[in-house]
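Bear in mind that the values in this text are calculations on the coordinates, not laboratory data. Values in this document were obtained by computation on a predicted structure and should not be read as measured data. Because the Cβ atoms are built from the backbone with ideal geometry, glycine has one as well, and the counts that use them run over all protein chains shown.
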Amino acid sequence: MEALIKNKLKNLGTFRFTEWILLLFWGVTIICIAFFTERYEHQRLFIGLGLSFGIYFYLSINALENNLRAYLVVAVLIRFILIFSFPKLSDDIYRFIWDGRCWVNGIHPFQYTPAQLLPKSIPGLDQELFQKLNSPNYYSIYPLICQIAFYLSSFASPNNIFLNALLIKVFLFACELITLSMSLKILSLNKLPASRILWYLLNPMILLEICGNAHFEGAMVAFLSVAIYYFMKKKSSYSALFFSLSVASKMLTALFYPLLAFVEIAHKKLKFILQLVLFTVLLSIPLFLNLNILDSLNLYFNKFEYNASMYYLLRWVGIKLTGYNQIATIGPVLSIISTICIILWSFLGRHKTKPTDTMLWILTIYLIFATTVHPWYLTTLLFLAIFNKYYYPIIWTSLIMLTYLNYGYDTFKESILVVFIEYFVVFAMIIYETELLKKLKLKWIQKN
């Protein structure tokens with residue numbers, strides 16, 4: 001018996017040493033991608049992504065519960081280091097800076113497109129910045145919280161692009177700290193192991209897209225995490241405020257409003273709904289003072305297409321039947337179908353004890369019917385997954401990073417093979433996990 005115990009302790013010690021080595025290597029790999037890898041360097045990028053995701057899966061599955069604090073420290077440290085990297089995998093940062101400089105010059109960024117402002121010779125809105133924009137002919141679509149961060153970064157540093165990006169990322173770093181803190185509290189309320197936070201904490205997509213590329217899904221999820229916590233604690237005023245702030249960061253979480261309304265109606269509590277509407281309207285007023293944003297949203301559903309699933313299938317059918325792309329028709333139709341499905345799912349899920357479960361499927365429905373799905377769109381899905389027993393969002397975050405292969409050519413070229421592999425695996429996982437849960441539930445019923 002003594003020899004057996006010693007052997008187990010020896011193995012445990014070896015595992016811990018291996019664990020720390022892998023954690024260190026994971027961090028170095030993430031840093032190398034963020035600081036030294038351009039998105040067109042697909043070979044270097046995918047070696048780094050392959051290594052970081054491989055270590056991520058191994059550590060998240062095998063991590064010791066009592067080492068969680070050390071994981072938190074290392075992961076937060078990596079997030080802090082990434083503040084000082086300039087976004088390399090996405091060029092959205094330049095539009096963030098453009099909008100911020102508009103505010104500094106007293107210009108509403110929803111009133112003019114960058115192409116309309118360039119000839120006016122406005123300080124900071126110059127040719128150098130304009131040439132780096134990916135949508136110079138479109139109005140801005142970023143809501144209030146984003147615009148405040150853009151303005152503050154440009155106000156503090158009117159002419160330095162690197163410092164503008166750094167200040168924006170400081171804000172997103174603070175948001176990540178909020179998400180990590182609130183996630184642990186929500187896990188505790190749901191009586192789930194704290195180690196499940198590792199699926200979010202160590203995920204390379206989160207680190208690269210939020211902390212590296214400065215996407216504001218990080219802010220949206222931070223406010224959402226606080227809102228869910230207060231919702232579960234039945235503190236309606238705080239929950240309504242933070243749900244509204246989440247929507248004011250990126251409008252995606254407005255998808256959860258039907259569910260929230262149905263839940264509160266079922267419990268005969270209208271105070272929360274009224275507060276939610278009031279806060280959302282107040283935070284949206286600056287956004288809708290100029291209705292040009294509706295043109296940009298209309299373009300999003302009628303023109304933009306990237307890494308879609310259901311839409312690409314229907315687009316292929318449409319081209320076969322008519323000879324040209326039917327996005328102007330298919331995009332709005334899919335939006336209507338998606339909306340109907342989300343409302344129905346919200347109604348059916350109103351009595352569930354865990355709102356995060358219904359939210360996960362609402363967001364999944366949206367992404368399946370969307371015409372555009374970038375990697376950072378999965379941030380909220382992954383966040384919700386740590387409170388549920390589904391792993392397809394986790395697998396999806398690794399597969400969607402394959403879409404950066406599209407930038408490895410001289411000109412942008414989307415690989416349909418990559419899209420097919422991504423969604424084939426994701427849909428297979430969804431089918432497998434839902435059928436598996438049905439079988440487990442059936443066995444439980446038979447035993448009891």
Quiz prompt | Rounded, prolate or oblate (a/c below 1.5 giving rounded, otherwise prolate when a/b exceeds b/c) for the stretch 12-148 by Cα gyration tensor | solution = prolate
Practice problem: Give the residue from F46, T280, L360 lying farthest towards the positive end of the charge dipole for the stretch 2-447; charges sit on Cβ (+1 for Lys and Arg, -1 for Asp and Glu) and the dipole is referred to the Cα centre. | Solution: L360
Self-check item: R0 of 35 Å, Cβ-Cβ distance N190-F17: FRET efficiency to nearest 0.05
Solution: 0.60
Quiz item: Out of L24, L180, L381, any idea which swings most in a Gaussian network model of the chain, alpha carbons joined below 10 Å?
Solution: L24
Quiz item: Check T372: other-chain or 5+ apart residues with amide H under 5 Å from its amide H, H built from backbone geometry?
Solution: Y306
Quiz item: Points 7 angstrom from Cα along the Cβ direction at Y238 and A70: gap in nanometres?
Solution: 3.3
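As an exercise, identify the chymotrypsin sites (Phe, Trp or Tyr not before Pro) in the stretch 49-117 lying in DSSP coil whose Cβ has no more than 15 other Cβ atoms within 10 Å. Don't skip to the answer; put the middle values down first.
On the way: sites: F53, Y56, F57, Y58, Y71, F80, F84, Y94, F96, W98, W103, F110, Y112; in loops: F84, F110, Y112.
Passing sites in the stretch 49-117 are F84.
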Quiz item: What list of ³J(HN,Hα) values in whole Hz, one per residue of the stretch 374-385 in order, does the Karplus curve 6.51 cos²θ - 1.76 cosθ + 1.60 (θ = phi - 60°) give from phi, with Gly and Pro shown as x?
Solution: 7, x, 5, 5, 8, 4, 5, 4, 5, 4, 5, 5
Exercise. Would you work out the charge dipole size for the chain about its Cα centre, treating the Cβ of every Lys and Arg as +1 and the Cβ of every Asp and Glu as -1, and quote it to the nearest 20 debye?
Key: 1820
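Stretched out fully, how many nm does the piece from E414 to F84 gain, at 0.36 nm a residue minus the Cα gap?
Difference between extended and current length: 115.8 nm.
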Quiz prompt | Listed residue pairs exceeding 23 Å between alpha carbons, taken from K120/K250; K268/K354; K169/K413; K352/K389 | solution = K120/K250; K169/K413
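Report, please, the projected area of the chain averaged over directions, based on the convex hull of its C-alpha atoms, in nm². List each step's numbers first, then the result.
Details: hull surface 100.4 nm².
With every direction weighted equally, the projected area is 25.1 nm².
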Quiz item: What ³J(HN,Hα) values, in whole Hz, does the Karplus curve 6.51 cos²θ - 1.76 cosθ + 1.60 give for the stretch 334-345 when θ = phi - 60°, with x put for Gly and Pro?
Solution: 5, 5, 5, 4, 4, 4, 4, 4, 5, 5, 5, 5
